[in-house]
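Beneath this line is the structure, given in structure tokens, with notes to follow.
The values are calculated or read from the model by the stated rules, or taken from the named source; none is laboratory data. Bear in mind the structure is a predicted one, so any value in this text is a computation, not a measurement. Cβ: placed from backbone, ideal geometry, glycine included. Neighbour counts: every protein chain shown. Each accessible area value is taken on the protein alone, full model and side chains, heavy atoms only, with ligands, DNA and RNA left out. Shrake-Rupley method; radii C 1.70, N 1.55, O 1.52, S 1.80 Å.
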Amino acid sequence: GEDVEQSLFLSVREGDSSVINCTYTDSSSTYLYWYKQEPGAGLQLLTYIFSNMDMKQDQRLTVLLNKKDKHLSLRIADTQTGDSAIYFCAEAPGSWGKLQFGAGTQVVVTP
Amino acid sequence: EPEVTQTPSHQVTQMGQEVILRCVPISNHLYFYWYRQILGQKVEFLVSFYNNEISEKSEIFDDQFSVERPDGSNFTLKIRSTKLEDSAMYFCASSEATGPSYGYTFGSGTRLTVV
């Protein structure tokens with residue numbers, strides 16, 4: 001079956017790195033995504049990674065993929081207060097439009 | 001930057017009533033979606049829509065649900081007879097095409113409360 005799991009909460013100090021973890025079950029997923037939701041806003045696509053990649057870096061964001069363990073992580077370097085949000089991991093198991101989301105990780109950045 | 005607009009932001013309705021949630025996708029997008037998130041639970045796929053017909057739907061999307069693109073700009077989700085368990089945040093999304101390089105733009109959601 002398809003399932004995506006995330007830890008629900010992460011507290012991090014401003015300037016530190018944040019690491020948000022996610023596990024998924026569908027090995028047929030070719031793309032995995034990270035979305036960000038700020039209060040009162042929609043889901044914003046942050047980045048995605050193709051399943052034949054181990055790592056993708058985009059400015060302060062680093063995505064690591066361990067396909068063997070079906071583990072995905074998002075690292076945010078130099079976390080800022082504006083990074084406080086809910087972060088969703090999602091996979092696309094065989095159908096582009098049908099994203100399978102995790103429950104989201106609430107990241108709280110403290111000064 | 002183009003946005004997906006959803007109205008209303010919050011809707012309260014009595015059990016058994018019909019509700020219509022409205023979305024204005026990005027104008028050149030061709031693929032449209034509805035997702036929902038029950039409080040404290042995961043964001044769940046409901047339905048995808050392309051070329052004026054449903055492409056795929058989930059088990060949640062039963063006969064009580066319907067979608068429509070009544071004109072060139074709106075995309076609506078109708079719940080015929082609401083139940084308490086329909087209370088959730090409903091997200092509309094659109095994309096220019098399918099595939100991750102196009103991305104999916106989500107609206108800010110409509111919070112539906114059924115009382």
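In region A:14-24, what residues are within 12 Å of residue A:101 (Cα to Cα) and hydroxyl-bearing (Ser, Thr, Tyr)?
First, pick out the residues of region A:14-24 that are within 12 Å of residue A:101 (Cα to Cα): A:22-24.
Residues satisfying the conditions are A:23, A:24.
Within region B:1-25, which residues are open to solvent by 20 Å² or more (accessible area, probe 1.4 Å) and within 12 Å of residue B:105 (Cα to Cα)? Outline the logic, then answer.
The first filter runs over region B:1-25 and keeps only residues open to solvent by 20 Å² or more (accessible area, probe 1.4 Å), leaving B:1-3, B:5, B:7-12, B:14-18, B:20, B:22, B:24.
Hits for region B:1-25 are B:1, B:2, B:3, B:5, B:24.
So which residues in region A:8-36 are open to solvent by less than 60 Å² (accessible area, probe 1.4 Å), touching a strand residue (DSSP E or B) at 6+ places or on another chain (Cβ under 7 Å) and not in a strand (DSSP E or B)?
Taking region A:8-36 as the starting set, the residues that turn out to be open to solvent by less than 60 Å² (accessible area, probe 1.4 Å) are A:10, A:12, A:15, A:17-18, A:20, A:22-24, A:26, A:29-36.
Then keep just the ones that are touching a strand residue (DSSP E or B) at 6+ places or on another chain (Cβ under 7 Å); that gives A:10, A:12, A:17-18, A:20, A:22-24, A:26, A:29-36.
Those that are open to solvent by less than 60 Å² (accessible area, probe 1.4 Å), touching a strand residue (DSSP E or B) at 6+ places or on another chain (Cβ under 7 Å) and not in a strand (DSSP E or B): A:17, A:26, A:29, A:30.
Table: residues versus (1) within 24 Å of residue A:37 (Cα to Cα); (2) surrounded by fewer than 22 Cβ atoms within 10 Å (Cβ to Cβ); (3) in contact with a Leu (Cβ under 8 Å, 6 or more places away or on another chain); (4) free of Cβ contacts under 8 Å to residues at least 24 places away in the same chain.
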position: B:30; (1), (2), (3), (4): yes, yes, no, no
position: B:52; (1), (2), (3), (4): no, yes, no, yes
position: B:59; (1), (2), (3), (4): no, yes, no, yes
position: B:76; (1), (2), (3), (4): yes, yes, yes, no
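Out of region A:37-62, which residues are open to solvent by less than 20 Å² (accessible area, probe 1.4 Å) and within 12 Å of another protein chain (Cβ to nearest Cβ)? If you could, list the steps in order and put the result at the bottom.
Just the residues of region A:37-62 that are open to solvent by less than 20 Å² (accessible area, probe 1.4 Å), to begin with: A:42-43, A:47, A:49, A:51, A:62.
Within region A:37-62, A:42, A:43, A:47, A:49, A:51 qualify.
Tally time: how many residues in region B:41-66 are hydroxyl-bearing (Ser, Thr, Tyr) and more than 10 Å from chain A (Cβ to nearest Cβ)?
Here is the first cut: in region B:41-66, the residues hydroxyl-bearing (Ser, Thr, Tyr) are B:48, B:50, B:55, B:58, B:66.
Pick out the ones that are also more than 10 Å from chain A (Cβ to nearest Cβ) and you get B:66.
Total meeting the criteria: 1.
Please go through region B:14-29 and pick out each residue that is modelled with pLDDT of 95 or more and of a type in the set (Val, Ile, Thr).
Scanning region B:14-29 gives B:19, B:20, B:24.
Restrict the check to region A:62-85 and report whether at least one residue is under 22 Å from residue B:5 (Cα atoms), assigned to a loop (DSSP other than H, G, I, E, B) and modelled with pLDDT under 95.
Looking only at region A:62-85, we keep the residues that are under 22 Å from residue B:5 (Cα atoms), and these are A:85.
Adding the requirement that they be assigned to a loop (DSSP other than H, G, I, E, B) leaves none.
The answer is no, given that none of the residues of region A:62-85 is under 22 Å from residue B:5 (Cα atoms), assigned to a loop (DSSP other than H, G, I, E, B) and modelled with pLDDT under 95.
Checking residue B:90 against (1) more than 14 Å from every other protein chain (Cβ to nearest Cβ); (2) under 12 Å from the mean Cα position of the chain (by Cα); (3) within 27 Å of residue A:91 (Cα to Cα): exactly one of these is not met. Which one?
That leaves (1) as the condition not met.
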